[in-house]
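Notes follow once the structure below has been shown.
No value in this document is a laboratory result; all are computed from the given coordinates. Worth saying up front: this structure is predicted, and the values here are computed from it rather than measured. Here the Cβ positions follow ideal geometry from the backbone for every residue, glycine too, while neighbour counts run over all protein chains shown.
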Amino acid sequence: MSGHSKWASIKHKKAIVDQRRGKAFTKLVRAIQVAAREGGGDVEGNPSLALAVQKAKDASMPKDNIERAIAKGAGADQDGDAFESVTYEGYGPGGVAILVETLTDNRNRTGSDVRFMFTKSGGSLGEPGSVAWIFEKKGEFAVDGSRYSEDDLMVAIDAGAEDVALDDDVFEIVT
C-alpha cells in the first residue's frame, strides 16, 4: 500500500507502464535490426525497414534509439548479437496446423521454448515442411480511398493482386 506519499502511488503505476513500453521497444528494435540487415540501412530503399521504423515512431520510440538500431542492423555496430528469423511448424490441439514465425538471437533456446509451449497446450512440434504447404504468404495494403479512384487501383490487379475491395473509404489490396 502506498500510504501517504503521492510519489509512491505514481511509482507503482509508472513501473508497470515503463515495463510494457520497454518490452514493446525491444521487439521494435529487433524488427528494425533484422530489416536493416536483410535489406540495407537506407529507409527509402528498404520497404520492410521503412515499415519497422514507422511502427517504432507510432509507438513513440525516441529517434536516437531508432537510428542506433538501424546502424546496428546495417553492420555499423558489430559487437551485438545477430538476430535471425526462424519458422517453426507443428500441430495444436485437435490437429490444427500452426506456423510460428520468431525473431531470435538464440535458436536453441527459442526452439526449446516453442516446443514447450506446443507440448503444454496439447500439441506437437513438427518437422520443417510438415505444415508450411498448407499456408500461403499474403500481403495486404490499405490505401486511402479519397485520393484514388477505383480505376486507378485496378492497376494493382493487372500487376498480380488477388483482390481490391473498398471498405469505408479505404481500398484493401490483397496480394
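Checking the cross-link filter: which lysines have an alpha carbon closer than 25 Å to that of residue 55, excluding same-chain neighbours under 8 positions apart?
13, 14, 23, 27, 63, 72, 137, 138
Please work out the FRET efficiency for the pair residue 172 and residue 50, using the Cβ-Cβ distance as r and a Förster radius of 25 Å; give the result to the nearest 0.05.
Result of the calculation: an efficiency of 0.80.
Who wins for biggest fluctuation among 146, 121, 48 in a Gaussian network model of the chain, springs between alpha carbons below 10 Å?
Top of the fluctuation ranking is 146.
Subtracting the Cα-Cα distance from 0.36 nm times the residue separation, let me have the gained length for residue 101 to residue 147 in nm, one decimal.
13.1 nm
Among rounded, prolate and oblate, which fits region 84-134 when a ≥ b ≥ c are the square roots of the eigenvalues of its C-alpha gyration tensor, a/c under 1.5 means rounded, and a/b larger than b/c means prolate? Please report the intermediate quantities before stating the final value.
Details: a/c = 2.56, a/b = 1.34, b/c = 1.91.
Judged from the Cα gyration tensor, region 84-134 comes out oblate (a/c at least 1.5, b/c at or above a/b).
Once you sort the root eigenvalues of the Cα gyration tensor of region 96-172 as a ≥ b ≥ c, which label holds: rounded (a/c under 1.5), prolate (a/b larger than b/c) or oblate (the other case)? Could the numbers behind the result be given before it?
Working: a/c = 3.30, a/b = 2.86, b/c = 1.15.
Taking the square roots of the gyration eigenvalues as a ≥ b ≥ c, region 96-172 is prolate.
Would you work out if region 6-74 is rounded, prolate or oblate? Take a ≥ b ≥ c from the square roots of the eigenvalues of the alpha-carbon gyration tensor; rounded if a/c is under 1.5, else prolate when a/b is larger than b/c, oblate otherwise.
Judged from the Cα gyration tensor, region 6-74 comes out prolate (a/c at least 1.5, a/b above b/c).
Apply the Kirkwood formula to region 1-125: the hydrodynamic radius equals the inverse of the mean of 1/r over all pairs of different alpha-carbon atoms; give it in Å with one decimal.
For region 1-125, the Kirkwood estimate is 17.0 Å.
Compute a Gaussian network model of the chain, connecting alpha carbons closer than 10 Å, and tell me which residue from 141, 83, 25 fluctuates the most.
141
Provide 117, 154, 61 in ascending order of the number of other Cβ atoms located within 10 Å of each residue's Cβ, fewest first.
With the sparsest Cβ surroundings first, the list reads 154, 117, 61.
Which far-off residues, 5 or more places away or on another chain, put their amide H under 5 Å from the one on residue 97, with H placed in the peptide plane?
Amide H neighbours of residue 97: 92.
222 nm [θ] for the chain, helices only, -39500 (n - 2.57) per DSSP H run of 4+, per residue, to 500? Intermediate values should be presented prior to the final figure.
Working: 5 runs with 81 residues, N = 175.
One gets -15500 deg cm²/dmol as the mean residue ellipticity at 222 nm.
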